[in-house]
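Peer 1: One structure, as structure tokens, below. Some questions next.
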Amino acid sequence: MQRQFTIELRVNYADQERNDVIRRACQAAARHVYAMAALLQDGIEPQIAISSDDFFSGHQQIALLDDTVQQAIDQGRVEEEPISEDLLAAQPESR
């Protein structure tokens, strides 16, 4: 039997940085809840969604996990290097 649980939080901060902190806290809470649901599953994978809404920006989906590798590349903290010959040699040939 399917059941849906809903957690809703409304905040009103003048400082946009506070909204970012709450967004990250909601992501962490959602990861925790999703992990618990995944551990208790009976063969059907649980689903989870995180979003936020406001009058000016509208509905925005929030990723459960941030793409930290892409963020590091965008910030210039990761230098892209060519693939080494050893790694290329270890890759099986596609047929």
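Peer 1: Which is farthest toward the positive dipole end of the chain among S57, A90, N12, measuring Cα position about the Cα centre, with Cβ charges +1 (Lys, Arg) and -1 (Asp, Glu)?
Peer 2: N12
Peer 1: Per residue, what volume in Å³ does the convex hull of the Cα atoms of region 16-90 enclose?
Peer 2: About 175 Å³ per residue, rounded to a whole number.
Peer 1: While we're here: Taking the 0 to 90 degree range and rounding to the nearest ten, how far is the long axis of helix 16-40 tilted relative to the main principal axis of the chain, both from C-alpha atoms?
Peer 2: 80 degrees
Peer 1: Sticking with this structure for a sec: Identify the trypsin sites (Lys or Arg not before Pro) of region 1-88 meeting these criteria: DSSP loop state and at most 12 other C-beta atoms within 10 Å of the C-beta.
Peer 2: Taking region 1-88 and a limit of 12 other Cβ atoms within 10 Å, the loop trypsin sites (Lys or Arg not before Pro) found are R3, R10, R77.
Rule-based calculations on the coordinates, nothing more; no lab input. A quick note: this is a predicted structure, and the numbers were derived from the prediction, not measured. So basically every Cβ, Gly included, is an ideal-geometry build from the backbone, and we count neighbours across all protein chains shown.
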